[in-house]
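Enquirer: Supplied in structure tokens, the structure appears directly below.
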Amino acid sequence: MSKPNIYISHDDHEELIDLALKALGRAPGAALLLQEMQRATVTDALPANVVTMNSSIDFERGGHHYRDFRLVYPRCADVTDGRISILTPVGAALIGLAEGAMISWLGPQKEAQSLTVLKVRQPVAT
């Protein structure tokens, strides 16, 4: 499967590799996150339309639209409140994608999964 380019900051890159390595075999998206980090373009000049940690994202998956979901670390995750863990397959697939990008991957039963990023809103600095 062809994969779109993904972009990540130096700091997030190192932190997410460490997180993925520690979670391998325990979290469903850890292996996918590690694969994504290995192919990512690492830069600190990230465009505003790229999914980063704590971004608010609208995306389409399986014919359903998901609005105002935020990509977070596992300790902050609560999918019922719209917070997706980076250590889930969907979270690992979202990181680094730009608006309009579509990504596909194989699920645990080797079934095709995909999603498309529709809109990215960056967190407001406080």
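The values are calculated or read from the model by the stated rules, or taken from the named source; none is laboratory data. Since the model is a prediction, treat every value here as computed from it, not as a measurement. Ideal geometry is used to build each Cβ from the backbone, glycine not excepted, and the neighbour counts take in all protein chains shown.
Enquirer: Is it true that some residue in segment 37-48 is in a loop (DSSP other than H, G, I, E, B) and under 10 Å from the mean Cα position of the chain (by Cα)?
Expert: Among the residues of segment 37-48, not one is in a loop (DSSP other than H, G, I, E, B) and under 10 Å from the mean Cα position of the chain (by Cα), which makes the answer no.
Enquirer: Let me ask another. Please count how many residues of segment 49-72 are part of a loop (DSSP other than H, G, I, E, B) and in contact with a strand residue (DSSP E or B) (Cβ under 7 Å, 6 or more places away or on another chain).
Expert: Looking only at that region, the number is 5.
Enquirer: Looking only at segment 102-119, how many residues end up being modelled with pLDDT under 95 and in a strand (DSSP E or B)?
Expert: Final tally of qualifying residues: 6.
Enquirer: Does segment 20-30 hold any residues that are assigned to a loop (DSSP other than H, G, I, E, B) and over 15 Å from the mean Cα position of the chain (by Cα), and which are they?
Expert: The answer is L24, G25, R26.
Enquirer: Only one of L115, L87 is out of contact with any strand residue (DSSP E or B) (no Cβ under 7 Å at 6 or more places or on another chain) and buried (at least 20 other Cβ atoms within 10 Å of the Cβ); which?
Expert: L87
Enquirer: Now, a different point. Residue by residue through segment 87-101, note down the ones that are part of a helix (DSSP H, G or I) and out of contact with any Lys or Arg (no Cβ under 8 Å at 6 or more places or on another chain).
Expert: If the condition is that a residue be part of a helix (DSSP H, G or I) and out of contact with any Lys or Arg (no Cβ under 8 Å at 6 or more places or on another chain), then P89, G91, A92, A93, L94 are the ones that fit.
Enquirer: Here is a follow-up. What pairs come up if the first residue lies in segment 5-25 and is under 20 Å from A45 (Cα atoms), the second is polar (S, T, N, Q) and part of a helix (DSSP H, G or I), and their beta carbons are under 6 Å apart, counting only those six or more places apart or on different chains?
Expert: Short answer, once both residue conditions are applied: none.
Enquirer: Going by what's in this entry, would L33 be described as assigned to a loop (DSSP other than H, G, I, E, B) and either out of contact with any Gly (no Cβ under 6 Å at 6 or more places or on another chain) or surrounded by 17 or more Cβ atoms within 10 Å (Cβ to Cβ) (or both)?
Expert: Criteria not met by L33.
Enquirer: Just need a number here: residues in segment 1-30 that are crowded, with 16+ Cβ neighbours inside 10 Å and under 11 Å from L87 (Cβ atoms).
Expert: 8
Enquirer: Scan segment 36-47 for residues that are over 17 Å from V72 (Cα atoms) and touching a residue at least 12 places away in the same chain (Cβ under 8 Å) and jot them down.
Expert: Within segment 36-47, R39, A40, T41, V42, T43, D44, L46, P47 qualify.
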